[in-house]
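S.K.: Before I ask anything, here is the structure I am working with.
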Amino acid sequence: MSFKIIDQAQPRLNRSELAVPGSNPALFEKAANSKVDVIFLDLEDAVAPDEKEQARKNIIEALNDLDWKGKTLSVRINGLDTHFMYRDVVDLIEKAPGKLDLIMIPKVGTISDVYAVDMLCTQVEDAMGLEKKIGFELIIETALGMQNVNEIASYNRRLESLHFGVADYAASTKAKTTVIGGPNPNYHVLTDIDEDKPRNKHWGDMWHHAVSKMVIAARANGLRPIDGPFGDFNDPDGYKAQANRSATLGCEGKWAIHPSQIELANEVMSPSEKEVNQAKRILEAMETAKKEGKGAVSLDGRLIDIASIRQAEVLVQKAKLIESS
Ligand code: GLV
Ligand code: MG
């Protein structure tokens, strides 16, 4: 283990994160009553420019008045390149003090973007005498943000999670695709020419590198990596396949852009009973090994060692967090 200890962000269940447009308050109560872990009320891209002011008012009113049933609450503020952003931060903190858990910053490009929002939040929180500090979720969704992701993730104040914003990322990198998340048929390898057989296409995952790069930056800084949207809400199998790929790479949650995607995300991002039981057996076996002075033992014909303890502990801790939610 390195001598450097990585501070971990405040632990939260973040298997599913529901996007709710601030311009559509009729959806707020449904979100509060859903099984989602985190709700983000949107002031950015789901809200048209002439609806921004009203959306901000709707959100502030709901933060104060609605019973959110203990959900983690976030608001996606407008980009730092707009004149809406400062007013989003000031009004959210001044007019709904202490209500927000997180602010989601879109299109983070450099570490100074995070610094700027931190400075503004700090001033307003201090002026209001607020003890509770709002955490930050950062969307990595531009070529600039991805280029600088390691440095951005190292800004250690307030940060909780990095999110892969696949739609804007595709736009920013000028990727030849119009789908939001999921695979693209043009991203494939073709099997070799064989006179007797037709050639096969094997689809690849065009997002693999980007998600993996973000996961590494997040985990190296104790943050949660979260996969962003999957646009086709009529394709639950496609959603689960994408969520499974992200989870396999280390993501611990995924956005839901439609309520039907919440349970899919919760299912994929929760360890199964079988996995938790197996993790507990590994911990027991290693406990026995330790007493016998051994560093590794075999369980069901497979080698387990001290690294297996760390993997098993992650699963058991997650299961406990889910149980207590
Ligand atoms: C999310 O904001 C995205 O652009 O995918
Ligand atoms: Mg976006």
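The values are calculated or read from the model by the stated rules, or taken from the named source; none is laboratory data. Computed from a predicted model, the values in this text were never measured in an experiment. Cβ: placed from backbone, ideal geometry, glycine included. Neighbour counts: every protein chain shown.
S.K.: What helices (runs of 4 or more DSSP H), lying completely within the stretch 236-296, carry at least 3 residues that are closer than 30 Å to residue 180 by Cα and in the same structural domain as residue 165 (by TED's automatic domain parsing)?
M.R.: On the way: elements: 236-249, 260-269, 273-291.
Output list reads 236-249, 260-269.
S.K.: If you scan the stretch 253-270, which residues turn out to be touching a strand residue (DSSP E or B) at 6+ places or on another chain (Cβ under 6 Å), more than 16 Å from ligand 2 (Cβ to nearest atom) and of a type outside the set (Gly, Ala, Ser)? Steps first, please.
M.R.: Initial filter on the stretch 253-270 (touching a strand residue (DSSP E or B) at 6+ places or on another chain (Cβ under 6 Å)): 253-257, 262, 265-266, 269.
Next, only the ones that are more than 16 Å from ligand 2 (Cβ to nearest atom) stay: 253, 262, 265-266, 269.
If the condition is that a residue be touching a strand residue (DSSP E or B) at 6+ places or on another chain (Cβ under 6 Å), more than 16 Å from ligand 2 (Cβ to nearest atom) and of a type outside the set (Gly, Ala, Ser), then 262, 266, 269 are the ones that fit.
S.K.: Given the criterion surrounded by 15 or more Cβ atoms within 10 Å (Cβ to Cβ), touching a residue at least 40 places away in the same chain (Cβ under 8 Å) and over 25 Å from residue 261 (Cβ atoms), identify the matching residue among 7, 88, 45. Before you say what the answer is, go through the steps one by one.
M.R.: Working: 7 fails: surrounded by 15 or more Cβ atoms within 10 Å (Cβ to Cβ); 45 fails: over 25 Å from residue 261 (Cβ atoms).
88 is the lone residue from the list that is surrounded by 15 or more Cβ atoms within 10 Å (Cβ to Cβ), touching a residue at least 40 places away in the same chain (Cβ under 8 Å) and over 25 Å from residue 261 (Cβ atoms).
S.K.: Being part of a helix (DSSP H, G or I), without any contact (Cβ under 8 Å) to a residue 12 or more places away in the chain and under 20 Å from residue 113 (Cβ atoms) is the filter here, so list the residues in the stretch 48-84 that pass it.
M.R.: none
S.K.: Can you spot a residue in the stretch 99-117 that is over 25 Å from residue 58 (Cα atoms), buried (at least 21 other Cβ atoms within 10 Å of the Cβ) and touching a residue at least 60 places away in the same chain (Cβ under 8 Å)?
M.R.: no
S.K.: Looking only at the stretch 249-285, filter to residues that are among the polar types (S, T, N, Q) and at pLDDT 95 or above; which one of those is surrounded by the most Cβ atoms within 10 Å (Cβ to Cβ)? I'd like the intermediate steps shown before the answer.
M.R.: First, pick out the residues of the stretch 249-285 that are among the polar types (S, T, N, Q): 260-261, 266, 270, 272, 277-278.
When the remaining residues are screened for being at pLDDT 95 or above, the result is 260-261, 266, 270.
Values: 260: 12, 261: 23, 266: 20, 270: 19.
Taking the candidates together, the pick is 261.
S.K.: Which of the residues belonging to the stretch 174-193 are within 16 Å of ligand 1 (Cβ to nearest atom) and surrounded by fewer than 14 Cβ atoms within 10 Å (Cβ to Cβ)? Break it down into steps so the answer makes sense when it comes.
M.R.: Filtering the stretch 174-193 down to residues within 16 Å of ligand 1 (Cβ to nearest atom) leaves 174-175, 177-184.
Across the stretch 174-193, the qualifying residues are 174, 178.
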